[in-house]
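Just so it is clear, none of the values below were taken in a lab; they were calculated from the coordinates. Note that the structure is predicted; figures quoted are calculated from it, not measured. Cβ: placed from backbone, ideal geometry, glycine included. Neighbour counts: every protein chain shown.
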Amino acid sequence: MEVNFSILQVSAAPRRVRPSSVFQGVVHLGALGIFGLAAVDASIIPLAIPGSTDLLLLWLIAHGANPLLYVSCAVAGSLLGGYSTWRLGKKGGEEALKRYVSPRIQKRVKGWSQTHPILAVMVPAVLPPPIPLWPFLLAAGALGASWQRFLAAFGAGRTLRYSLVGWLATHYGRRMIRTWSKTLDHWSAPILWTFVILTAAGIVYGIWRIKRTKHK
């Protein structure tokens, strides 16, 4: 774990900023936590807070984590989760789209995936919420995209996105920490508990939904 809680400049007179014990617990998951969260983020299991991987990656790098290591872990986790979604579509075919994707966006997802197979994977991988991701990954498998083409397009999109997050954290992290310390420091524990509880609830709900659909 390479997060460095050193003395941070938060005003004209320097003082030590100590993260809450809850935040330290989340941070100590480190690269493994980023990997796992990114994997879930690219699967059909919904995260309660969209963009959770970006937020945690931004915060960790802003606190001194190694940008190259953490961005790489985010990309690797996302590739694992994305591949599992592609695989689910590959096995289920178009029936998987009908089963998991709401009718409201099915036609749009299928149309884009059929006419722009590479962009239909790469663009959602780069763009932030509320642009949906996993329906396009599922459609890539269901409509016959090879795993090589899929991973190349998805990996390029995710690398671009998380590299941008890492760059922002590296160059503007100090300013973000100052803002946090001045305005939200005493709310850090409730915010992080909410984040953890909602994320866990989303994972449980997603697993239940998958099992229920398979049972039907």
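Quick check on packing: order 76-83, 121-128 by the mean number of other C-beta atoms within 10 Å, highest mean leading.
Values: 76-83: 23.1, 121-128: 18.1.
Highest to lowest by the protection proxy: 76-83, 121-128.
Can you give the translational diffusion coefficient of region 93-181 in µm²/s, computed by Stokes-Einstein from the Kirkwood radius over Cα pairs at 10 °C and 1.306 mPa s? Could the numbers behind the result be given before it?
Numbers: Rh = 14.4 Å.
After rounding, the answer is 111 µm²/s.
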Practice task
Over all alpha-carbon pairs of region 89-128, lay out the pair-distance distribution in 10 Å bins, whole %, shortest bin first.
Solution key: 28, 55, 17
Handout entry: In nm, spacing of pseudo-spin labels at residue 28 and residue 94 (7 Å Cα→C-beta vector)
Key = 5.2 nm
Completion exercise
Output for region 29-124 (equivalent-ellipsoid semi-axes, sqrt of 5λ from the C-alpha gyration tensor, Å, descending) is 29, 13, 12
Handout entry: Full-stretch length increase - residue 108, residue 87 - with 0.36 nm per residue and alpha-carbon distance subtracted
Key = 5.5 nm
Practice task
Express in nm, to one decimal, how much length is gained between residue 160 and residue 172 on full extension, taking 0.36 nm for each residue of separation and deducting their alpha carbon distance.
Solution key: 2.5 nm
